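Structure, as structure tokens:
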Amino acid sequence: MAELGISGVRRGKTYVVTTVANELVERPKDLVNRNFTSNEPNNLWVADITYVKTKIGWAYVAFVTDVFSRTILGWKVSPS
């Protein structure tokens with residue numbers, strides 16, 4: 001679709017860009033070389049942040065997950 005210059009229909013409000021990468025700033029090192037596998041528990045933890053629109057505003061959610069067991073080890077929800 002991108003090659004043809006077309007896209008799917010988007011209903012409602014458009015998405016919000018929350019991060020604009022600055023190419024001049026040094027980025028953190030990739031310590032696992034994009035290899036998200038583990039042979040034992042507590043060997044590799046990964047984290048992710050996402051946001052969800054609710055009736056009263058945006059909620060930001062952060063998770064820490066054990067790669068081996070795919071268990072959520074901890075999470076936090078915040079309005080900012």
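Here the dipole of the chain is about 540 debye; that uses its Cα centre as origin and unit charges on the Cβ of Lys and Arg (positive) and Asp and Glu (negative). The mean sequence separation of alpha-carbon pairs under 8 Å and at least six residues apart, normalised by the residue count of the chain, gives a relative contact order of 20 percent.
Let me see the pair-distance distribution of the chain: every alpha carbon pair, 5 Å bin width, integer percents in order. In order of increasing distance, the bins hold 3, 10, 13, 14, 16, 17, 16, 9, 3, 0 percent. Karplus-derived 3J(HN,Hα) values for the range 37-43, using 6.51 cos²θ - 1.76 cosθ + 1.60 with θ = phi - 60°, are 10, 8, 9, 8, x, 6, 8 Hz; glycine and proline are entered as x.
Name the lysines eligible as straight-distance cross-link partners of Lys76: C-alpha to C-alpha under 23 Å, and not fewer than 8 places from it in the same chain. Reachable lysines: Lys53, Lys55. The protection proxy used here, the mean number of other Cβ atoms lying within 10 Å of each residue, ranks peptides 24-36, 46-58, 63-75 as follows, highest first: 63-75, 46-58, 24-36.
Where a number appears in this text, it was derived from the coordinates with a stated rule and is not lab data. Keep in mind it's a predicted model, so treat the numbers as computed, not measured. Here the Cβ is made from the backbone with ideal geometry for all residues, glycine too, and neighbour counts use every protein chain on show.
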